[in-house]
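Below is one structure, written out as structure tokens; the observations come after it.
Computed from the coordinates by the stated procedures, all read-outs in this text should not be read as laboratory data. Only a predicted model underlies this, so the values are computations on that prediction, with no experimental measurement involved.
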Amino acid sequence: MRARGPLRALTAACLAAGLLVGGPLHAAALQVSPVGLSLPGDRPAQALTLSNTGHTPVHAQVRVFAWHQAGGADQLEPARDVVISPPMLEIPPGGNQLVRVIRTGPAPQAQEASYRLLVDELPVPGAAPAPAGGLRFVLRYSIPVFAQPAGTGP
């Protein structure tokens, strides 16, 4: 129990130093909705909405991968039976972009198929650099997509 007072003081000092040293953080303005998709066996497509809540254009790339887990780690392989439209996009400030996730073949027959959509915010060429001491983030969203077997609902 004696270490509690010195530990608390040390923690407070570290936090204060971090606030003094760190510059401003500029959060990315790219938002994704919904954060998970399901492709019912009777519907070959779903939609995802990307939004730009910032004051400058956002450039993004959307890719789809077949997804499974082995040994507790995600395994991603390029998907052959699901496509994205559009795969590259620019969203104006305050704007939205609808992205379609389309199954190109028949629904899975025996069990659900799993995919991951990777939505990568791309650096904008010619954008102003982050202020001195600040950071500018670009985001990657990893969104699960599940294709249901034929004859099943969501």
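Amide H to amide H, with H built 1.01 Å from N, Ala45 comes under 5 Å of Arg103, counting only residues 5 or more places away or on other chains. Amide H to amide H distances under 5 Å link Val58 with Ile91, where only residues 5 or more positions off or on other chains count and H is placed in the peptide plane.
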